[in-house]
Structures are given as C-alpha cells and as structure tokens.
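> Structure below; questions to follow.
What follows is calculated from the coordinates using simple rules that are stated; it is not laboratory data. These numbers come from a predicted model, not from an experiment. Every residue, glycine as well, gets a Cβ built from its backbone with ideal geometry; the counts of neighbours run over all protein chains shown.
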Amino acid sequence: MDAVTSSDAAVGAAETWDDALARLLAYLEDFGIGGVEHRTRIALAILDEARIRYREGSAVACVMELAFTRMESWFGEAMPRTDDHAARPIESGWVAAHLAEAADRWPDGLLQSPPPQALVQALREATFRMAPDLEVSSMTSREMDFGAMETIAQETWHQFAWASLLRAVAIWVVIFFVALFAYDRFFPQ
Amino acid sequence: MKTSLFQPEKLASDFVLFRRASFFGAIIGTTGLGAWLLWRVFEPDGVSTLEWIQLLLFILLFQQVATGFWLALFGFLTRLAGGDRAQIAHSIADEDLARAPSPTAIVVPIYNEDVPRVFAGVEAMWRGLEESGGTEGFDLFILSDSNRPESWIREETAWFELCRRLGTFGRIFYRKRRVSRNGKSGNVADFCRRWGARYRYMVVLDADSVVTGRLLRRLAAMMDRNPHVGLIQTAPQTALGRTPFRRMQQFAARLYTPLFAAGSNYWHLFGGNYWGHNAIIRLRPFIEHCDLPDLPEPDAKRRHIFSHDTVEAALMRKAGYDVWFAYGEEGSYEEGPPNLSDSLARDQRWCMGNLQHFWFLFAPKIDFANRFHIWMGVMAYSSSLMWLVFLVVGTIDLAIKQRFSELAAVPGDAVFRSGDAVQILLTATLALLFVPKFLAMLAALPQARRFGGAFGLFSSTIIETVTWTLLAPALMLFYTRFVVLTLMGLPNRWESQNRSDDKGLGFWQSFRIFWFPPACGVLACVVMWYFARQQMLLLSPILAGWLLAPAIAWWTSQPGLGDWARCRRLFVTAEELPEWEPGELAAVRQVPSPDGDWTRPSAGLGRVVAEPAIHAVHLSLLRVRRPAEAATAKYREALRERLLADGPASLDRREQFAVLWDGDSLRWLHRELWSRPMQSLHPWWQQRLRDLCR
C-alpha cells in the first residue's frame, strides 16, 4: 500500500486511492478472480493506468470504470456472444468461469493477457441451457357443458340476494330467541 | 412370470359392478337404517317441520359417516384377505424397472417457499434417482410463481448452486413466470404448452413433496406398461413433522390411510381421483383434454377453478383414460401444516376449491366414480354447515319438546320416550366413527414397531382420537364460516400465522386467533342452561371442544412438546426410525435453517445489484427483451436513481420487479454502486459495500 500512496500527491488524496484499491480488490475477489497475488497484480496494473488517465472527480469511479472495461474486453474476447440472454460477456463469463472452476484450475489465468487458450476453450464449453428447446402444444380451455347445474344456478342461485337473505334469517333468529326468553321469563309455569 | 401380473385393461365389468354394488349397497343400507331409526324417534308424536329438516340433514351426514366406515371396513377386509390384486402397482415386474423409462418431466411448482427446503427435496430426489438405476429419461423443472423479489433471487441462486454441485445443467431447469396467471394449475399448464410435447409423462409435485427415486421409476414403468392409463396418484405420507399437530397428523395418516386407501381402491379401481401432486400424468391426453374450463359464474373473478385436481381427473376419465391409485407404494411424502391456524389457511383454500366442484356434479359424461369423488369433496366442508344447522335445529326442537312435556305434564324426557331408538342410533353413530380407528390399530398391531411399539401405538391413537374429537366442533364452526362466505362470494381469507415448525403459537396469540369457538361455547352454555338444560350432558363434548379450542391450538403448535412426545415414542411413524427412513427423507431432514442474509428486507434486489456472483447468475437467466418505449425507459431510470439514493426499501414490490426484469438497469446499477464514492450512496448500500469489502 505504501507503494501506492507514495506517488499519489499529484493525482489526489492518498485516502481516495486507498479506497479505490480496496474497492477494486474486493470486487475482484467477489468476482472470483484467482489468488491474492494474481488479484493484486491485476489491481495494481489497473491502478497504474488509472493514475495516468485520472483528471478530476472520484478515483474510485475512475479505477472501477477501467476495471469493468478491462473485464468486459477480456471476457468479450474469450466468450461467445449470445443473443437471447440479457447477460453480456462479463456476466456469462462469470458463470462460465464458475462452472469451469477456472479460479482453481487456472489461478493466474482470468484477465491475463493474452488469455490462455486452454482456459478460453474451457470457458466456451462451460455454458448452460436455461431451458430445453420449446415444443409448443396447444393447451386451451374448452367450453364445458355443466348440464342441469348451469340451468338451476341461473334460475335460482344467481338470482338470490344473499346478503339480504342472511340478514333476514339473522333477524328472525334473534326474534325467535327473544320471544322464547320472554315467554319463559314472563309466563312461568 | 409376466402372466401373473395384474392386467388392468382386462378387468371384467361384472367384477367392477360387484365391487361397486357391494360398497354402495352397504352405504345405502347403513344410511337407510339410521334414517329409519331416527324416523322411529320422531314418529310417535307425528313428524314436525323441524324434524323433517333434521331427518334430511341426518341422511346427508350419516351417509358421509357411513362412507368413511365402509371404506375402512372394505380396506380392512381386503388386507385380511392378503391384499387387493386389482392394484396398478401389480401390473409391473422387476424387469420393467431395468428399462429406461419414456421421457418424463418432474415438475415442482413453487410459490414463495422455504427455498433451502425445496432444493434439498429436489437434490434428494435426484440423488435418489441416480442411486435407483440412473436419471436417464428424467428431467426436472422448478416452476416458480414467487411474487417476492427475495424468493425469486434466492431460488435462482439455489438452483445454480444445485446444478453446479450435481452437474445437472441441462437436466434440472428453473423457470420464473413473468406473469403468474391461474396459480398452480396455470403454472403447470404453461409448462405443458412450452415443453409438454417433449415428454411422455409428467410427475407433478408440491414444493414440500419428496418422492423416492425408486418410486419415480416404478411410476414411469407403470405408465409405460399401461398405455390406457392417464394418471396414477400415489398416497403421500405426511412426514418430517415436529409440532404435536403435525406429528399427530402424520401418525394418523400412517395409521389410517392404508385402510381407507385400500377401501377406496376397492370400489373405484380405474376411476380414481387426483390430489394435485405426487402423481404421474400422461401428457398428451392431459394437454388435449384437461385444460380447465371457466365456470359459468356471473362474476368474472369466480370463474377460475381454484382446485384443479379433481376436475382434471374427471376430464381424464371423460377422455377415456384410466385413473389409478397406487396406494400401496412406499416412498411418496409431503409435509403438513405445523399448527391449527396454518391448517385452517389450507382448508380455506380447499373449501373454496371443493365447493366449486359442485358445478361438475351433474355435468354430462362425467364418470360415476368421479361424481362420487366430487360429492365427497363437497361434503368434506359443507357437512360442517349441515352439522351446525342440525345441532341448532335439534336443540331448538328438544327445547320445545321439553317445554311441551313440562306443560302437558307428560312424564319422562321428550326424546327418550321413543324407546331404545335413540340409544341405538347414538351407539351406531359412535361405532361408525370409532370402529375404523380400532380396525386401523388392529391392522397395525403386527407392525407395531413401526409406530414406536404396541404401547406407543395404543396411547398415540387414544391421544390423537381425543384431541381430534375435541377439535372437531371448533373445525365445524370455521368450516361453516368458510362455506357460508364462499357461497355468498364474500371476501374469505384466513391468514396463515406462522409457517415455521420451529416456533409455536403464543398462548395469548392462540386466544386472539381462536376466540370464536369459546365465545360460541359460552353462548351455547347460557342458552342451553335456560332452554335445554337436560341436553347439556349429551352435547358436553361439543361444548368442551368449543371452550378448549384455543388451548388445544396452543399446545399442539409447540415444537418442544412434539420433541417430548417423540422421546416418549408417541406419534412415531416408520419414517422417523433409522431402519425404515428412506435416504431422500433423511437428506431433507438435515436441511440447514434459512440463511440469515436472505431474510433481510430487500435482500433480493440488494444482492443482485451488489454481489457480482448473484448479479451474473440473475442476468444469465434473463432473456433479452425488445427495447423499452421511451416512457418505460424513463420510469426505469427514475427507479434506478431512487434505488441508489434512497436504498432498496424505497421501492415497493412492483418497482423492485420492474428493475429485476430489466438487465440493462441491473447492469447500470451494479457498476454505479461499485464505482460511486461511499459517501454518495445511501447508508444501506454503504453497509452492503463495507460487508463485501471486508
């Protein structure tokens, strides 16, 4: 880290470049790029380039933009382009690298220029199918004859005003019990 | 060897007719006898209007009780005779299993499920297939209708990890429907439209289903062997329960299902039913004949059929294909609700679905057996309303008779003047209800070790019987509510309280949820004290059930009590004992508890944006869409800015989905998040980045 901060005076606050390096290293690690040495090497190379290009604004933005561009270009070269996925080479590249266990098999291979041919081959083979090819069937709802029920329902069930009916029943039940109670209370045997 | 196999296509019509006549004759005879006895009770003083109502309700209710009794008795007798030969499982031999099955899709429709549990089940089943002869011929589809962003992202990630672990890319697929129409049946129909033609059979599972690899292969072999069979339903056993509620249910299912299922197969044979999951279906006739029609309801919202299974079985039979019940096959499992509240949430859905089936009861060309299945489904819930009306009318009738007898100075109780008929009727009803339980226990005695020993079997049966007897009156009230609200088309939603098996209901929470039965109990006690005091003893089990409902709901939801019971070998089933537990279930039992990181609010969208791995998997599963219109693009842009400035919680669920379906937005967000200085981000993102950079 000393190496990074010592030459930062001309291009911005040391803390900002430290942040940028930390952010970049974390991203590369989360992305699954090789071992610590390989990651650090890539990160420092990107950081050097960023220091040259940096004019103003956020160092983090400058570093990460360079990192994304570099990854996009590396995976773009290594991965076949697919038209039906929303994923770009960088995303499908992550999936392929994960499936091919690239980090274990080629610890220094990812983002290395030029890409090792064996790794490129492995990445191109390590794709997955989202779904089998469509074989469309026509499963459509058909008219159904419900027989007597349909006629009965249309003539009775659907004509009922259920809420009113229930209210009336409830009122009669209350009247019945009140009358029974009153009868019991006021006309004892 | 092959000649001794059962050949379902050669079933003689006389044989079928004899079985059905004997079964339904027994039910009709029993119901007629019960009605005659009640008639004798009413007849001496002339039959009043209230008594006619009671008689009619009694016939309907007694028929249901008699059906249950005869199912169990016929099941018991077939077992006693060494088992039923007319079983679809007897139509295949071992050499049929050696052949690779025809292309079969296993479909698992899911909706906001416990993701680790679902994928543990999928993994266990796939490994089971590998161990039982290979996965050749099988593909598996996880069909998601989840409408929570975090569930969707969690499912994708779990699917990716599973496929990587098992090497099953291209064999196990995950699909998230963009527009979820018509629930589970719509999800399955969508699968059929897209890929149904690629497969000959489809095994439909539930999210909590586990089917052993051996059984999957056997089901496919049964279908291969019998081309006229359209559907084979297995008898799923409930398993993996922890709370007393679930453990009692799984114990009861293990104990009683063999008899009831054997009795059921005895009469319906090829006219079986479909329970919606753990079944294999022949896809071509299913696609051609079983898409659900709309119901002729005036309200458009009520035209969709909620419960598809019974109707699909009826349509399959109508199309000329057989529907069999492979009830004797081991290896089909599901999970049950952990407590009474969750059970009622499920019952509410089933009630709505079953009542809708009434439409099909008199539809032309529906097979008789399917009509009876539909009738049983309708009665399963509407009988509660009938029972309640029967009780109320009966109590009023008794109170009037009591009053009359006091006024007229007629000696003795109004009812018991009718002689022994009431006692006989009461005894007969109790016998019809409880003899099946006794028979099931008797049938299980030779295998008592599978139930934790003879003492465990006996005491568990007694406790289960008492508990469910007390719960039945409370269930009657809730089912009545569901039926009435459904019939009236009123909002009818019972909210599930707690889906977890690891956390029981609180004591006061239980009272808050189940206050209605005790309130009815107190009211009924007061009314009866005034008007029908002498009948209180007769109705005491019902009154006690109402008063105790919250307490029963509480104790049956406590996982600690379930563990205690298990230690004392209560409610034990074979699947819990190491010597009989299938590997698939053992694997699912060891599922880790849900990952805490996924339970955070906004975890789905937050993780897709922040974490390169989850971001990449999600984008790899999104298809390219046509370019958005200007207004849509502007809307998404506003969402993106708001998301970074105000954090994921600032977007509602619909907005989160709008972002999650758009690959360009996600890519932009991912890069912006990682590129912006920490202080320009919302604290939620700052914390997320700090966690990732740690």
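> Compute for segment B:275-362: radius of gyration divided by Kirkwood radius, i.e. Rg/Rh, restricted to C-alpha atoms, rounded to two decimals.
So for segment B:275-362, dividing Rg by the Kirkwood Rh gives 1.01.
> Sequence-distant or interchain residues sharing an amide H contact under 5 Å with B:F173, placed H: which?
Distant-sequence amide H within range of B:F173: B:L140, B:F141, B:I142.
> Would you compute, from DSSP H runs of 4+ residues alone, the mean residue ellipticity of chain B at 222 nm, taking -39500 (n - 2.57) per run and dividing by the full residue count, rounded to the nearest 500?
About -19500 deg cm²/dmol.
> Now a separate question. Only bridges whose two residues both fall in the protein assembly as shown count here: according to DSSP, what percent of them are antiparallel, nearest 5?
If we restrict to bridges inside the protein assembly as shown, about 30 percent are antiparallel.
> Principal axis extents for the protein assembly as shown, Cα atoms only, whole Å, descending order, please.
Dimensions of the protein assembly as shown along the principal axes of its Cα atoms: 115, 76, 58 Å.
> Can you tell me the Rg and Dmax of segment A:40-102, counting just the alpha carbons, in angstroms?
13.9, 40
> Turning to a different aspect of this structure: Considering just Cα atoms, how many Å³ per residue does the convex hull of segment B:542-694 enclose?
246
> Can you give the local net charge around B:F455? Use residues other than it whose beta-carbon is closer than 12 angstrom to its beta-carbon, Lys and Arg +1, Asp and Glu -1.
Around B:F455, the surrounding residues sum to +3.
> If you add up the charges near B:T234, with Lys and Arg at +1 and Asp and Glu at -1, over every other residue whose beta carbon is less than 11 angstrom from its beta carbon, what do you get?
That works out to -2.
> Place a +1 charge on the Cβ of each Lys and Arg in the protein assembly as shown and a -1 charge on the Cβ of each Asp and Glu, then give the dipole magnitude about the Cα centre in debye, rounded to the nearest 20.
Here the size comes out at about 1240 debye.
> Just to be sure I follow: if Rg is taken over the C-alpha atoms of segment B:15-118 and Rh is the Kirkwood radius over the same atoms, what is Rg/Rh?
Rg/Rh for segment B:15-118 comes to 1.25.
> Post the alpha-carbon centroid distance, segment B:1-74 to segment B:287-313, in whole angstrom.
Computed from Cα coordinates, the inter-centre distance equals 30 Å.
> Further question on the same structure: Among B:Q63, B:W39, B:A81, whose Cα projects farthest towards the positive end of the dipole of segment B:1-112, with charges put on the beta-carbon of Lys, Arg (+1) and Asp, Glu (-1)?
B:A81
> Within a 10 angstrom radius of each residue's Cβ in B:609-621, how many Cβ atoms of other chains show up on average? Whole number is fine.
6
> Pairs of Cα atoms under 8 Å, at least six residues apart: use those to get the relative contact order of segment B:17-130, whole percent.
26
> If you find the alpha carbon centre of segment B:245-284 and of segment B:94-131, how far apart are they in angstrom?
20
> So what J values fall out for segment B:669-684 if you push phi through Karplus, 6.51 cos²θ - 1.76 cosθ + 1.60 with θ = phi - 60°, rounded to Hz, Gly and Pro as x?
Result, rounded to whole Hz: 4, 4, 6, 5, 4, 6, 9, 7, x, 3, 5, 8, 9, 5, x, 4.
> How large is the Rg to Rh ratio of segment B:63-181 when both quantities use alpha carbon positions and Rh follows Kirkwood?
1.15
> What residues qualify as long-range amide H neighbours of B:L11, i.e. H under 5 Å apart, gap of 5 or more or another chain, H built at 1.01 Å from N?
none
> Ok, one more. Do any GluC sites (Glu not before Pro) in segment A:28-132 lie in a loop, going by DSSP, with at most 16 other beta-carbon atoms within 10 Å of their beta carbon, and if so which?
A:E56, A:E101
> Here's a follow-up. Could you state the principal axis extents of the C-alpha atoms in chain B, from the largest down, to the nearest angstrom?
Taking the Cα atoms of chain B, the three principal extents are 96, 67, 55 Å.
> Continuing with the same structure: If you rank B:F451, B:F372 by fewest surrounding Cβ atoms within 10 Å, what's the result?
Arranged by neighbour count, lowest to highest, B:F451, B:F372 become B:F372, B:F451.
> On to the next question. For segment B:543-597, which semi-axes, largest first and in whole Å, follow from the square roots of 5 times the eigenvalues of its Cα gyration tensor?
After scaling each eigenvalue by five and taking roots: 29, 18, 9 Å.
> With θ taken as phi - 60° and the coefficients 6.51, -1.76 and 1.60, list the Karplus ³J(HN,Hα) couplings across segment B:53-63 in order, rounded to whole Hz; mark glycine and proline as x.
Values per residue, Gly and Pro as x: 4, 4, 4, 4, 5, 4, 4, 5, 6, 5, 4 Hz.
> Another question, if that's okay. What dipole magnitude, in Debye to the nearest 20, does segment B:510-638 give about its Cα centre under +1 on Lys/Arg Cβ and -1 on Asp/Glu Cβ?
540
> Work through the residues other than B:G331 whose Cβ is under 13 Å from its Cβ and net out their charges, Lys, Arg +1 and Asp, Glu -1.
-4
> So how tilted is helix B:421-444 from the main axis of chain B? Cα-based, degrees 0 to 90, rounded to 10.
Helix B:421-444 sits at roughly 40 degrees to that axis.
> What dipole magnitude, in Debye to the nearest 20, does segment A:43-123 give about its Cα centre under +1 on Lys/Arg Cβ and -1 on Asp/Glu Cβ?
Using Cβ point charges on Lys, Arg, Asp and Glu, segment A:43-123 gives about 200 debye.
> Normalising by the residue count of segment B:162-310, find the relative contact order in percent from Cα pairs under 8 Å and 6+ residues apart.
33
> So, one more: Give me the inter-chain shielding for B:361-373: mean count of other chain Cβ atoms within 10 Å, whole number please.
Mean shielding by partner chains, rounded to a whole number: 2.
> Given contacts defined as C-alpha pairs under 8 Å and at least six residues apart, what's the relative contact order of chain B, whole-number percent?
Normalised by residue count, the contact order of chain B is 17 percent.
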